[in-house]
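Structure, as structure tokens:
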């Protein structure tokens, strides 16, 4: 019974064991604590049926929302000196590393400025070539330049010469430009090279 505790999750003191044959016939109860399993008529295909008398219900302890928890106000937690937050702040790790945070902010601003400058050099209606990493180059016409609702930063909406896009110029319920289905796409400014690129036939 003690070995079965790990299998069925019920204490040995709360188990009643029954032995069934391969034909699902009751062969008897395993009710002698000092007896070995071999002293019972066990054969290939037999199974041991466990009856749980503990009163526990299946899944009773799986729903953690029913477990009472200790909660502390954030203002009280902030005052503690023995908390993880206090330790991270003292070590200046993660978001508490102000110098690293300033560097990340500066890098983000620099990337945004570069992206904005590249976008400003693109004019709606201009012919271009699009090179996205991992994809073949495609020729297209610039249809939209600017910020969008679906992702931060500057984006270029293009109309491909062939149906190699993802949409018709509309994303997330907002229309940015008009084109045929599967001809439209949005790419980052650094993926767009403006120039004299005749339409592919």
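The values are calculated or read from the model by the stated rules, or taken from the named source; none is laboratory data. Please read all numbers here as calculations on a predicted model, not as lab measurements. No Cβ is skipped: glycine too gets one built from the backbone with ideal geometry, and neighbour counts run over all protein chains shown.
Some observations on this one:
- Inspection of the range 105-122 finds no residue satisfying the criterion of being within 30 Å of residue 89 (Cβ to Cβ), in contact with a helix residue (DSSP H, G or I) (Cβ under 8 Å, 6 or more places away or on another chain) and assigned by TED's automatic domain parsing to the domain that holds residue 89.
- Among the residues of the range 164-201, those that are touching a residue at least 60 places away in the same chain (Cβ under 8 Å), over 28 Å from the mean Cα position of the chain (by Cα) and either farther than 14 Å from residue 140 by Cβ or assigned to a loop (DSSP other than H, G, I, E, B) (or both) comprise 190, 195, 196, 197, 198, 199, 200.
- Here residue 27 meets each of (1) more than 40 Å from the chain's Cα centre (by Cα); (2) part of a loop (DSSP other than H, G, I, E, B); (3) more than 22 Å from residue 6 (Cβ to Cβ) with one exception, condition (2).
- For beta carbons closer than 6 Å, sequence separation of 6+ or different chains, a first residue in the range 2-23 that is assigned by TED's automatic domain parsing to the domain that holds residue 40 and in a loop (DSSP other than H, G, I, E, B) and a second that is at pLDDT below 85 and surrounded by fewer than 13 Cβ atoms within 10 Å (Cβ to Cβ), the qualifying pairs are 10/54.
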